[in-house]
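Before any comments, here is the structure.
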Amino acid sequence: MAKNKVKMEGMLELREVVARLEDVVSNLKAGSICMTVGEDCVTLRPTSIVSISMKASQKKDKEKFTLELSWKTGRDAELAPEARITGAGFAD
């Protein structure tokens, strides 16, 4: 398969970021994600087992949250331990 790639980076208002993340969730539930940037489009079809990486970090004047999802077709995978995301502070 040829390597297809689209990328979007930039500053958005938080409400727009939330809307895009909600689109990602909705499309994951539907079984495919199509990302279009300009005239370029990549359609992804996740498998039933998805690798997830989440990282949260704080520095003096910067905070960062990174989320990465990946999958390979036809590959057995081990399920990761549970991790929860909460609004603030520690999870109950």
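Things to note:
- Number of positions in the stretch 36-76 that are at negative phi and in a loop (DSSP other than H, G, I, E, B): 16
Let's see how each residue does on (1) hydrophobic (A, V, I, L, M, F, W, C); (2) modelled with pLDDT under 90:
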site	(1), (2)
Leu14	yes, no
Arg20	no, no
Lys59	no, no
Glu63	no, no
Arg75	no, yes
Glu78	no, yes
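- Selected residue (criterion: surrounded by the most Cβ atoms within 10 Å (Cβ to Cβ)) from residues of the stretch 31-43 that are within 23 Å of Phe65 (Cα to Cα) and of a type in the set (A, V, I, L, M): Met35
- Cβ separations smaller than 6 Å between residues 6+ apart or across chains give the following pairs from the stretch 40-54 residues that are free of Cβ contacts under 8 Å to residues at least 40 places away in the same chain and within 22 Å of Arg84 (Cβ to Cβ) to residues that are assigned to a strand (DSSP E or B) and not polar (S, T, N, Q): Val50/Leu69; Ile52/Leu69; Ser53/Glu68; Met54/Leu67.
- Scanning the stretch 5-30 for residues that are part of a loop (DSSP other than H, G, I, E, B) and surrounded by 11 or more Cβ atoms within 10 Å (Cβ to Cβ) yields Val6, Leu12.
The values are calculated or read from the model by the stated rules, or taken from the named source; none is laboratory data. As the structure is a computational prediction, the values presented were derived from the model and not from experiment. As a convention, Cβ positions derive from the backbone with ideal geometry for all residues, glycine included, and neighbour counts pool all protein chains shown.
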